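Each value in this text was obtained by applying a stated rule to the coordinates, not by laboratory testing. What you see is a predicted model, and the numbers here were worked out from it, not measured in a lab. Glycine gets a Cβ as well: all are built from the backbone with ideal geometry, and neighbour counts include every protein chain shown.
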Amino acid sequence: MNIELKPKEFRRLLDMVYIGNWVLNSTRGTDRIPDFDQLESYLFSLCDSVGMESLTSKSGGISAPSAAYREGGIHEAIMNYEDAVFFGILADELAHRDLAAFGDAGDEDAHMVRAEEYLSEFQANGLDNVSVDME
């Protein structure tokens, strides 16, 4: 199979593969999924042939994203995604907790309203107004 990509498309593909591998493997420690690491390595090995040498580094014959690539903003994109997921789950769980306490656990409309209230609060203040009562 051959796929022809313009340089900008190839660069976007690298970003997507890096982000995907990060999501799938970054928390696995030594139990990484090697197929994803190998695909990432293969794609980054192609950088030299398309004038993107600065995006890759080689160690022991294995290509990997370079420090310049990793420090060039890709992790900010990952962090933005992680923040959105974190705050979304937190708002959902808190709304569920609140409605269960009021006996309205099955009211989807009320749940959506309450979750949106939490999301608005988190958007405005992050976790500054969140406290945990440790009894």
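For Rg and Dmax of the Cα atoms in Å, the value calculated from this model appears in [x] 21.1, 63; [y] 14.5, 45; [z] 16.9, 49 under label [x].
Charges only on Cβ, +1 for Lys and Arg, -1 for Asp and Glu: so what's the dipole of the stretch 7-65 about the Cα centre, in debye to the nearest 20? Dipole about the Cα centre, nearest 20: 100 debye.
Its Cα centre serving as origin, the chain has a Cβ charge dipole (Lys and Arg +1, Asp and Glu -1) of approximately 1080 debye.
Using 0.36 nm per residue and subtracting the Cα-Cα separation, the extra length available between Asp109 and Ile3 on full extension is 33.5 nm. Compared with the direct C-alpha span, the chain from Glu117 to Arg28 gains 28.6 nm at full extension, assuming 0.36 nm per residue. With the dipole of the chain worked out from charges on the C-beta (+1 for Lys and Arg, -1 for Asp and Glu) around the Cα centre, which of Ser57, Gly88, Trp22 lies farthest toward the positive end? Going by the Cα projections, it comes out as Ser57. For the stretch 74-125, a crude dipole built from +1 on the beta carbon of Lys and Arg and -1 on the beta carbon of Asp and Glu, taken about the Cα centre, is about 120 debye to the nearest 20. Build a GNM of the chain with springs between Cα atoms under 10 Å apart, and of Asp15, Asp83, Asp98 the one that fluctuates most is Asp98. With respect to the chain, whose longest principal axis is taken over its alpha-carbon atoms, helix 75-101 is tilted by about 20°.
Once both labels are positioned 7 Å from their Cα atoms along Cα-to-Cβ, the gap between Asp92 and Ser59 label points is 3.6 nm.
Of interest is the spacing of the C-alpha centroids, which for the stretch 1-43 and the stretch 48-89 amounts to 10 Å. If R0 is 22 Å, the Cβ-Cβ spacing of Ala124 and Ala100 corresponds to a FRET efficiency of close to 0.30. Between the helical axis of 7-25 and the longest alpha-carbon principal axis of the chain there is an angle of about 60 degrees. With an a/c value of 1.5 or above and a/b larger than b/c for the gyration tensor axes a ≥ b ≥ c computed over the alpha-carbon atoms, the stretch 72-135 is described as prolate.
In terms of its C-alpha gyration tensor, the stretch 7-65 has an oblate overall shape, because the principal axis ratio a/c (a ≥ b ≥ c, square roots of the eigenvalues) is not below 1.5 and a/b does not outweigh b/c. The long axis of helix 108-125 is offset from the longest Cα principal axis of the chain by roughly 70 degrees.
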